[in-house]
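Novice: Would you mind keeping the following structure in view while I ask a few things?
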Amino acid sequence: MGVEPENTLRSFLRAEREDMDQIELDLHLSKDGALIVMHDVKVDRTTDGSGLIGDFTLDELRDLDAGHGERIPVFEDVLDAVTKPIQAEIKDVAAARVLAGVMRERDLVERVDVLSFHDEALAEIRELLPDARTVLVAQGPMGSEIVTRAQAVGARLVSLSLRRISLALVQECHRAGISVISWTVNTPADLALARALGLDGVVTDMPAVKRAVEGGLTDW
């Protein structure tokens, strides 16, 4: 979240207090197989450490400062800390099987949507958890292949880069019964574009965006 250190319990608790509809987080695997909540493949940008997440054990990652004294959380920490629905984005394909195991063990199919840029990760989730909701994420050149890819992995929702979406693509997705959301919508101009495109939702770092949507505001 843009107003708190990203992918920390502090940020997720703030999102809950701000009554955001869902909480999005990113998942990698630690060296010892824990589901680590972090966006980047390296810890360098958001912590006081350096190196690949997969080269650290969970205990080693716990010793890093993720901002304002916050620790790097694991997926289960977030599940226990907040009550909102969660969008869990698989950044590391190997995390798919581990995530499926946690979702099955904790009966999370109704609470957690699984997102990924990696079609193979979504396909594995669907194989392991046929009732899970999957969301295809994409940012490159976009055309009809987005619909084909989404259908192949059973995704009824796609999450696309706002700067890459066309009105024609949104309409094509809608004709196929696929909803469209975009990332990242953080400014009045972004929100105006999302509205013009007829999107079904947006991903934001800023609680003010939700208030603007609810209030019909064009500026804030």
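Coordinate-derived values only; no laboratory data. As the structure is a prediction and not an experimental result, all values here were calculated from the model. As a convention, Cβ positions derive from the backbone with ideal geometry for all residues, glycine included, and neighbour counts pool all protein chains shown.
Novice: Amide H of D65 versus every other amide H placed in the peptide plane: which residues, excluding those fewer than 5 positions away on the same chain, fall under 5 Å?
Specialist: It is D48, G49, by chain and number.
Novice: Also, I was wondering about something else. In the range 91-200, which GluC sites (Glu not before Pro) fall in coil by DSSP and have 14 or fewer other Cβ atoms within 10 Å?
Specialist: For GluC sites (Glu not before Pro) across the range 91-200 that sit outside H, G, I, E and B with at most 14 neighbouring Cβ atoms in 10 Å, the list reads E110.
Novice: Would you mind calculating the relative contact order of the chain from Cα pairs under 8 angstrom and at least 6 residues apart, reporting the percent as a whole number?
Specialist: Details: 407 pairs, mean separation 31.8, N = 220.
Contact order relative to length: 14 percent.
Novice: Considering only DSSP beta bridges whose two residues both sit in the chain, what percent are antiparallel, to the nearest 5?
Specialist: Values: 5 of 30 bridges.
That works out to approximately 15 percent antiparallel.
Novice: Just from its helices, what would the mean residue ellipticity at 222 nm be for the chain, if runs of 4 or more DSSP H residues each count -39500 (n - 2.57) and the sum is divided by every residue, rounded to the nearest 500 deg cm²/dmol? Walk me through the numbers before you get to the answer.
Specialist: Details: 9 runs with 78 residues, N = 220.
Helix contribution divided over all residues of the chain: -10000 deg cm²/dmol.
Novice: I would also like to ask the following. With unit charges on the beta carbons (Lys and Arg positive, Asp and Glu negative) and the dipole taken about the Cα centre of the range 3-133, which residue among L25, A96, H118 sits farthest to the positive side?
Specialist: Farthest along the dipole direction, towards plus: A96.
Novice: Ordered by residue, what ³J(HN,Hα) values in Hz, to whole numbers, does the range 10-20 give under the Karplus form 6.51 cos²θ - 1.76 cosθ + 1.60, where θ = phi - 60° and Gly and Pro are x?
Specialist: Coupling constants for the range 10-20: 4, 5, 6, 5, 5, 4, 5, 4, 7, 6, 5 Hz.
Novice: A further question follows. Given an 8 Å cut-off on Cα distances and at least 6 residues of separation, report the relative contact order of the range 1-115 as a percent.
Specialist: Relative contact order comes out at 29 percent.
Novice: Moving on. For K31, give me every one of the lysines with a C-alpha distance below 25 angstrom, ignoring sequence neighbours fewer than eight places off in its own chain.
Specialist: Straight-distance partners of K31: K42, K91.
Novice: Pull up the cross-link candidates among the lysines for K210, meaning alpha carbon to alpha carbon under 25 Å and not fewer than 8 places away within one chain.
Specialist: Result set, ordered by chain and number: K84.
Novice: Let's see if you can work this out: charge +1 on each Lys and Arg Cβ, -1 on each Asp and Glu Cβ, no other charges. What is the dipole magnitude of the chain about its Cα centre, in debye to the nearest 20? Don't skip to the end; give the middle numbers.
Specialist: Working: 24 positive and 39 negative charges, 153 e Å.
That gives a dipole near 740 debye.
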